[in-house]
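Just dropping this structure here.
Taken together, the values in this text are just the output of simple stated rules run on the coordinates, not laboratory data. Note that this is a predicted model, so its numbers are computed, not measured. Virtual Cβ from ideal backbone geometry, glycine too; neighbours counted across all protein chains shown.
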Amino acid sequence: MASITLDNVVKTYPDGFTAVKGIDLDIADGEFVILVGPSGCGKSTLLRMIVGLEDITDGELRIDDVVVNDKAPRDRDLAMVFQNYALYPHLTVYENIAFPLRLTKGKFTEDEIDQRVRRASTLLELDEHLERKPANLSGGQRQRVAMGRAIVREAKAFLFDEPLSNLDAKLRGQMRTEIARLQRTLATTTVYVTHDQTEAMTLGDRVAVLRRGELQQVASPRGLYDQP
Ligand code: ADP
Ligand code: ADP
């Protein structure tokens, strides 16, 4: 678990366009923060700067009070879940979940990998499907495998980029419940990007509303309604 602090964070793209205009945000250890706003307001840019896929132009990003602006993604120890879950079709569910651990080449023994994969798959109710291939799974099961890949690393925080936007309405509802339960169980710091109002109002401890690269409001889901 970790705190994440953004201190006047700015992103100007090489073409001169400033997509993020000086954001201040303190995310507490274990907190679940929703980042919401219309398409193009800078949500993905912000998330990608936190995870390290995009350089920060100005300002400071701190994880557990350590400045990480210049740290490579792998040294930030955060786990990202994308909307296109990009599973490896030729690998089983087990091997898809184990994959991030195998990438660390020798950091984990085969026993440790096995324990972690089984812990993740129990949490996600995938135990019965470990030997199956992604093509034979339902959309929800595939999304769970993608989440398994994130949680198996036992990273400091989860970053979700519109993870449910490719699912149908019913499945989206189920996965929403699933993500809320998982976050409560693991109590891992979470930043969740969405443009879906229902997700924004039901999932998080706090909602940060972004508009044209600026933070318009930060409040509890209830507080968003109460404000004038
Ligand atoms: P969101 O995730 O909220 O839809 P993005 O963070 O993807 O928004 O984009 C924010 C703004 O930055 C948009 O106006 C987009 O066109 C622009 N943008 C994103 N990526 C780049 C880039 N590589 N170069 C220039 N502008 C970009
Ligand atoms: P999202 O809204 O989910 O961020 P987009 O379709 O806006 O998705 O962006 C997809 C990809 O294209 C991202 O990698 C983003 O950085 C890039 N991109 C978006 N807008 C621009 C732009 N104006 N110039 C260059 N790249 C862009």
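Determine if segment 61-80 includes at least one residue that is within 16 Å of ligand 2 (Cβ to nearest atom), surrounded by 21 or more Cβ atoms within 10 Å (Cβ to Cβ) and within 16 Å of K156 (Cα to Cα).
So far as segment 61-80 goes, yes, one or more of its residues are within 16 Å of ligand 2 (Cβ to nearest atom), surrounded by 21 or more Cβ atoms within 10 Å (Cβ to Cβ) and within 16 Å of K156 (Cα to Cα).
If the requirement is being charged (D, E, K, R) and either touching a Leu at 6+ places or on another chain (Cβ under 6 Å) or within 30 Å of D75 (Cβ to Cβ) (or both), which of these qualifies: R222, R211, R176, R149?
Answer to the selection: R149.
Right, another one. Can you tell me how many residues within segment 189-225 are surrounded by fewer than 19 Cβ atoms within 10 Å (Cβ to Cβ) and in a loop (DSSP other than H, G, I, E, B)?
5
Could you grab me the full set of residues in segment 120-154 that are over 12 Å from N96 (Cβ atoms), of a type in the set (D, E, K, R) and part of a helix (DSSP H, G or I)?
Scanning segment 120-154 gives D127, E128.
Test Q197 against the stated conditions and say whether it is in contact with a strand residue (DSSP E or B) (Cβ under 8 Å, 6 or more places away or on another chain), within 16 Å of ligand 1 (Cβ to nearest atom) and polar (S, T, N, Q).
Yes; evaluated as a whole, the condition is true for this residue.
Still on this structure, please answer the following. Before we move on, is S121 touching a Leu at 6+ places or on another chain (Cβ under 7 Å) and polar (S, T, N, Q)?
So S121 passes the test.
Follow-up question, since we're still on this one. Just name the residue that is surrounded by the most Cβ atoms within 10 Å (Cβ to Cβ) out of those in segment 29-48 that are closer than 17 Å to A155 by Cβ and within 14 Å of ligand 2 (Cβ to nearest atom).
Applying the filter and picking the extreme gives L47.
For the structure I just gave you, tell me whether T194 is within 16 Å of ligand 2 (Cβ to nearest atom) and under 18 Å from I27 (Cβ atoms).
yes
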